[in-house]
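The values are calculated or read from the model by the stated rules, or taken from the named source; none is laboratory data. On a predicted model such as this, the values are computed, not experimentally measured, just so you know. All Cβ positions, even for glycine, are placed from backbone atoms using ideal geometry, and neighbour counts span all protein chains on display.
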Amino acid sequence: MGSIVLFGPPGAGKGTQAANIMRETGLPQVSTGDMLRAAIKAGSSIGLEAKAYMDRGALVPDDVILGLIQGRLLEDDAKNGVMFDGFPRTIPQAEALADLTTITHVLAIEVPDERIVERICGRVSCGACGAVYHDVFNNVPSSGCPCGTFIEKRRADDNESTVQNRLHAYHEQTSPLAAWYQERGVFHAVNGDRDINAVSQDLLGLLN
């Protein structure tokens, strides 16, 4: 099949759709953030190099990230490709990635910004068990959280100002990449402001 790139703004439902894609295709999910944390925890040479940049607040250079990806692509479960989540973020990264693996599908889950703000700013979780609720779409049951001890917890960055900043950064990064992949005939956008199953069907239909 080759490798897949999954795009989507924060709150678009990428996590849910990534799980569906992995289940249907058998491709492993590759998150550069997860790989960096794992390499640092393992104390590998590339992990120590990345940690040195992160400790001084600098961005981890592309060559370090691409080194991690190159190593990941050599693992047995990646022989038929992988699904990239959150990478690439720039055209130079996309160009370098094209030398490491064949990207056959770039899938973008599109959701209007105002809906993203509504989704994220309404999130609330139970500080006792971690169950996630929403002020509009999934209220805490009138009987309380099933764990029996509902402790309301909201993330400090789940506010409109922060979400708008994140969306602005996402659009700035993604727009040039979308055009770059469109020129190569592999970019596909899906309306993510619908029922989860409808979005899944569209994504899997594109892959098939």
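Residues are listed down the side, and each one gets a yes or a no for (1) of a type in the set (A, V, I, L, M); (2) not in a helix (DSSP H, G or I):
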| site | (1), (2) |
| --- | --- |
| ILE65 | yes, no |
| LEU68 | yes, no |
| GLY71 | no, no |
| PHE87 | no, yes |
| ALA96 | yes, no |
| LEU100 | yes, yes |
| VAL106 | yes, yes |
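Being aliphatic (A, V, I, L, M) and within 24 Å of CYS121 (Cβ to Cβ) is the filter; apply it to segment 135-189 and report the residue that is surrounded by the fewest Cβ atoms within 10 Å (Cβ to Cβ).
Only one residue tops the list, namely ALA156.
Say whether the condition of being of a type in the set (A, V, I, L, M), in contact (Cβ under 8 Å) with a residue 60 or more places away in the chain and either at negative phi or not assigned by TED's automatic domain parsing to the domain that holds HIS188 (or both) is met by at least one residue in segment 9-18.
yes
Regarding GLU95, is this residue exposed (fewer than 15 other Cβ atoms within 10 Å of the Cβ), assigned by TED's automatic domain parsing to the domain that holds ASN197 and modelled with pLDDT under 90?
no
Answer yes if at least one residue in segment 77-91 is β-branched (Val, Ile, Thr), in contact (Cβ under 8 Å) with a residue 24 or more places away in the chain and surrounded by fewer than 18 Cβ atoms within 10 Å (Cβ to Cβ), and no otherwise.
Yes, some residue in segment 77-91 is β-branched (Val, Ile, Thr), in contact (Cβ under 8 Å) with a residue 24 or more places away in the chain and surrounded by fewer than 18 Cβ atoms within 10 Å (Cβ to Cβ).
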